[in-house]
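The values are calculated or read from the model by the stated rules, or taken from the named source; none is laboratory data. Bear in mind that the values here come from a model prediction, so they are computed numbers and not experimental data. Methodologically, a virtual Cβ is constructed for each residue, glycine included, from the backbone with ideal geometry; neighbour enumeration extends over all protein chains shown. Remember, those area values only see protein heavy atoms, side chains included, never the ligands or the DNA or RNA. Shrake-Rupley method; radii C 1.70, N 1.55, O 1.52, S 1.80 Å.
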Amino acid sequence: MIDESSVSQSNLQEAAESLWNLLIPHITYLSDADKELVQLAFWQMVEAHGEQRRKSGEFYIIHPVAACINLTRLKLDASTLAAGLLHDVPEDTHVTLDEITQNFGTEIAFLVSGITKLGKVKYQGEERYAENLRRMFVAMSKDVRVIYIKLADRLHNLQTLDHVRVDKQRRIALESLEIYAAIAERLGIGFFKGEIEDLAFKYILPQEYEDLQSSSHLKIEERTRIGDDIINSVTSILSHKNIHNIKVYGRAKRYYSIYRKLKDKDISITNMYDLFAIRIITRSVDQCYEVLSELQQEFEFLDYRLKDYIAVPKANGYQSIHAVMIDPKSGMDFEIQIRTEEMHEFAEYGVAAHFSYKQHMRGEKRLDFVTGDNLKWLQEIVELGNDTIDKDEYIRRVKLDLFNDRIFVLTPLGDVIELPMDATPIDFAFHIHNDVGIHASMALVNGHPHKLSQPLRSGDVVEIITDKKQQPKPDWLNWVVSRQARHGIKSALSRNKH
Ligand code: MN
């Protein structure tokens, strides 16, 4: 992230010059010609946005530069960086897309147009939102770099979300989680997925975020200390066995993924074995297995926890060996991930890893990635846009396609409640409080009566009306999907029998 205190806030020229100096060290991987292209885009962007300011009061030009720096972390090519710098120009300034085409060519203009929002005149509200989303998916299916720019843009918006109105914060954070983190996950871009999730989590579930931060703090520190010991002994064991040139380092689990795991698996944080794990990056696939077998001779492993995603990759292409060993000193379980450099880059950067500046000369950057089997989902989303369905249905189905296991609904006060897919008002009621669940007699969804047995949809505002005389019926067990509700109903049923 950019430290804005180092950027002048009164003089545009000075601000621009210091931003350019901030950007230079991030683009050393580009050729001189490519650096020049980025520089041209940079000054065009400065000229276009001029004195515009962000909500925080900073010069607007800080935002495209921050987005561009996010893109350099994935070592994307010069056209993508240029488009990243220009991404808000046609929408927010006097410089049009046609001018960008004239100055930078159709390729860069195409990337910019993929995330340029439609004018407010023709479309409004939800309809405009759905149409923008549809266009983005189409553009992305033609050139995957469009989504990298969108993710880089969104990441910086989340990093600066404190300056935005509270109700807007929630909406942006929720959309980031529901759409953008989900796309990043589908594309296997661990870097964007993790960063976006952790930032959005803080705004959507602030209390949970804080609780987790305070409860896992010590835990992670303790693990880190033990982890450092293990890293040292692993490194020395492997070098004794003549395995050199590998990287061994620790990695702390991200907050949102801890939260998800605690919820899904019904375990407490004290039983989580992978708050901190170690990662071993090797030089070849053979070396991955060699490292594993050497370590198995020295340490005790939990065999049932061994997962070989190298032999059987995950659906998004992720590859790695996951194993859990027992630290001989503390007796603590410890997760180890073993993978090659290439697998590691793919896990962090997804398709962009195959898209690096090295293999791609200018002019042949279009990646024919939609044909890949694991990207069929994108094709389906694009086709969805051709169906004659209304805007609400379109948005709902996109979210459903991206995120097929959970929904987010709201209380009348605007609190976000996360529930499993197909959850009903009864699940919601038990989530609020056991008594609300037991005495739920009626539900209002978006202000209208809604059957207690009828599933909710993401974005619904749910209100439960209780009645002291109401008691759970055996039928209710067929209506619910959450563990909490099932448990609450069962114990009420058995209490009532006596
Ligand atoms: Mn932007």
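Can you tell me which residues in region 210-232 are closer than 23 Å to Asp286 by Cβ and open to solvent by 30 Å² or more (accessible area, probe 1.4 Å)?
The answer is none; no residue qualifies.
Report yes if Asp143 is farther than 25 Å from Met421 by Cβ and either hydroxyl-bearing (Ser, Thr, Tyr) or open to solvent by 10 Å² or more (accessible area, probe 1.4 Å) (or both), otherwise no.
No: the conditions fail for Asp143.
Test Tyr29 against the stated conditions and say whether it is among the hydroxyl-bearing types (Ser, Thr, Tyr) and modelled with pLDDT of 95 or more.
no
Residues that are of a type in the set (Asp, Glu) and either assigned to a helix (DSSP H, G or I) or open to solvent by less than 70 Å² (accessible area, probe 1.4 Å) (or both): does region 471-491 have at least one?
no
When you check His156 against the structure, is it outside any helix (DSSP H, G or I) and either out of contact with any Cys (no Cβ under 9 Å at 6 or more places or on another chain) or open to solvent by 10 Å² or more (accessible area, probe 1.4 Å) (or both), yes or no?
Taking the combined requirement at face value, the residue does not satisfy it.
Condition check: away from the ligand (no atom under 16 Å from the Cβ), modelled with pLDDT under 90 and among the acidic types (Asp, Glu). Does Glu126 satisfy that?
Here the answer is yes, as Glu126 does meet what is asked.
So that you can scan it fast, the table gives a plain yes or no per residue for (1) farther than 15 Å from Ile108 by Cβ; (2) within 16 Å of the ligand (Cβ to nearest atom); (3) among the aromatic types (Phe, Trp, Tyr):
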residue	(1), (2), (3)
Gln13	yes, no, no
Leu19	yes, yes, no
Asp32	yes, no, no
Ala41	no, yes, no
Ile61	yes, yes, no
Cys68	no, yes, no
Leu71	no, yes, no
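When you go through (1) more than 12 Å from the ligand (Cβ to nearest atom); (2) part of a helix (DSSP H, G or I); (3) in contact with a helix residue (DSSP H, G or I) (Cβ under 7 Å, 6 or more places away or on another chain); (4) free of Cβ contacts under 8 Å to residues at least 40 places away in the same chain one by one for Glu51, which number turns out not to apply?
(2)
Spot the failing condition for Tyr289; the list is (1) in contact (Cβ under 8 Å) with a residue 24 or more places away in the chain; (2) part of a helix (DSSP H, G or I); (3) under 18 Å from the mean Cα position of the chain (by Cα), and only one is missed.
Status for Tyr289: all satisfied but (3).
For region 252-286, what are the residues that are over 20 Å from the mean Cα position of the chain (by Cα), part of a helix (DSSP H, G or I) and touching a residue at least 12 places away in the same chain (Cβ under 8 Å)?
Across region 252-286, the qualifying residues are Ile269, Thr270, Val285.
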